[in-house]
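The values are calculated or read from the model by the stated rules, or taken from the named source; none is laboratory data. As the structure is a prediction and not an experimental result, all values here were calculated from the model. Note: ideal-geometry Cβ built from the backbone for every residue, glycine included; neighbour counts use all protein chains shown. These accessible areas exclude ligands, DNA and RNA; they are computed on the full protein's heavy atoms, side chains included. Shrake-Rupley method; radii C 1.70, N 1.55, O 1.52, S 1.80 Å.
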Amino acid sequence: MGSLSFFAKAPSNIALIKYMGKKDSSRNLPENSSLSMTLDRLCTYAEITRAATGSDVQWIAELPRHEAAKNLTVPQLSDNGRAKVLRHVQRSREAATDILTAFGLAADSSAFAGGWELRSANTFPQGSGIASSASSFAAVTLASILACAKDPSAFCAMWERDPALRAALARLARLGSGSACRSLDGPFVLWSGEDVEVVKSGLPSLAHFVVLVSATEKKVSSSNAHLAVKTSPLWNGRASRAEERVAAVRAAIAQGDLAKIARISWNESWEMHSLFHTCAEPFTYWEPKTVEILQGLSPYIAEKSPPIVTLDAGPNIHVIVESAYQDEWEKRLRGFGVPVLRDGPGRGAQPLFQQKGAP
Ligand code: DP6
């Protein structure tokens, strides 16, 4: 019997209002709502292959066998990282029948009979400083559910047309890594408790840059950062401040008020890093160059069409600007003397259905 392969791709996302601190770490339920912009080209491709034999899920450290994945980079996973993602594939496989039937789609019983192989790769190189957990868990969730559908074409058609299906997979992806739930849809996604929702935008066309200060692995994982922030004296009132910011940024996105989003995102980013800097055992993700660039960018925050400047749990700086000014901004950012990646807002994850015969 031949093996069947199912592919999906999912982009990374950058939070303007951050998910930092969990109410329930077993289900990645956040202390506060968060709001992000889904990216376009910084993506993970995942392939699930249903094999005729075996019963477990295996990680194969090879490129997904899809033509779009030819020149990508296979991530090097630690033992823990591999175990976490394989557990999530198993969880997705177990959840698939309920999700599919809730949308009137049948599950294919043979998807549950044999073993599965997982291959994945990123459009960005390992150690480029781009966090891959959101894009990976989103892509792996989508490929896994697609692999269980009796009629994958019907699944793909429903994926395009029904935001509720994308939201259902977002809830599942969240169990693997919280921020992954904001990568299934786009470009502006609000995550609140168990739910995600696409936010209406009146913004002009945007460009996104990552200023790559450092590509080394982070010393404190985001899972540990979620715990550490609660020991900071600045944690007091954090959740309600974040909720206020989410409401304000949501309204500003709808009104196309870039200046307001830029100001709030700037404050939010400093607040999250201040939590890291003031917790019981203080730590920082910043490098000297991070501080130099933040200083260089600070005068622009009060301008009429300012850049949105924000940082994840890392030293690299994300800058979002109006597309009309992207060339001058790229030149300015390159002037800091470190690599700059260019991307833009994206629409979220996509199933890429393609059947393969046995090798
Ligand atoms: C700083 O989603 O990586 O990027 O749920 O433990 O996998 P886990 O955490 P993760 O946390 C991301 C934190 C952040 C902010 C954000 O993306 O909102």
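If the condition is being over 16 Å from Ala95 (Cβ atoms), more than 18 Å from the chain's Cα centre (by Cα) and either aromatic (Phe, Trp, Tyr) or assigned to a helix (DSSP H, G or I) (or both), then region 161-217 contributes only Arg161.
Looking at region 2-115, the strands (runs of 3 or more DSSP E) lying wholly inside it that each contain 2 or more residues that are modelled with pLDDT of 95 or more, of a type outside the set (S, T, N, Q) and in contact with a Gly (Cβ under 7 Å, 6 or more places away or on another chain) sit at 34-50.
Residues in region 2-31 that are more than 10 Å from the ligand (Cβ to nearest atom) and either open to solvent by less than 10 Å² (accessible area, probe 1.4 Å) or not charged (D, E, K, R) (or both): Gly2, Ser3, Leu4, Ser5, Phe6, Phe7, Ala8, Ala10, Pro11, Ser26. Ala51 meets each of the listed conditions (1) more than 16 Å from the ligand (Cβ to nearest atom); (2) without any contact (Cβ under 8 Å) to a residue 60 or more places away in the chain; (3) open to solvent by less than 60 Å² (accessible area, probe 1.4 Å); (4) hydrophobic (A, V, I, L, M, F, W, C) apart from (2). I want to confirm something. Restricting to region 211-222 and keeping residues that are touching a residue at least 24 places away in the same chain (Cβ under 8 Å) and surrounded by fewer than 15 Cβ atoms within 10 Å (Cβ to Cβ), which single residue is farthest from the ligand (Cβ to nearest atom)? Among those residues, the one meeting the criterion is Thr216.
Could you pull out the residue among Ala242, Ala248, Ala254, Ala262 that is assigned to a helix (DSSP H, G or I) and without any contact (Cβ under 8 Å) to a residue 40 or more places away in the chain?
Ala248
For region 266-276, the candidate set comprises residues that are open to solvent by less than 10 Å² (accessible area, probe 1.4 Å) and touching a helix residue (DSSP H, G or I) at 6+ places or on another chain (Cβ under 7 Å); within that set, the residue that is nearest to Pro233 (Cα to Cα) is Leu275.
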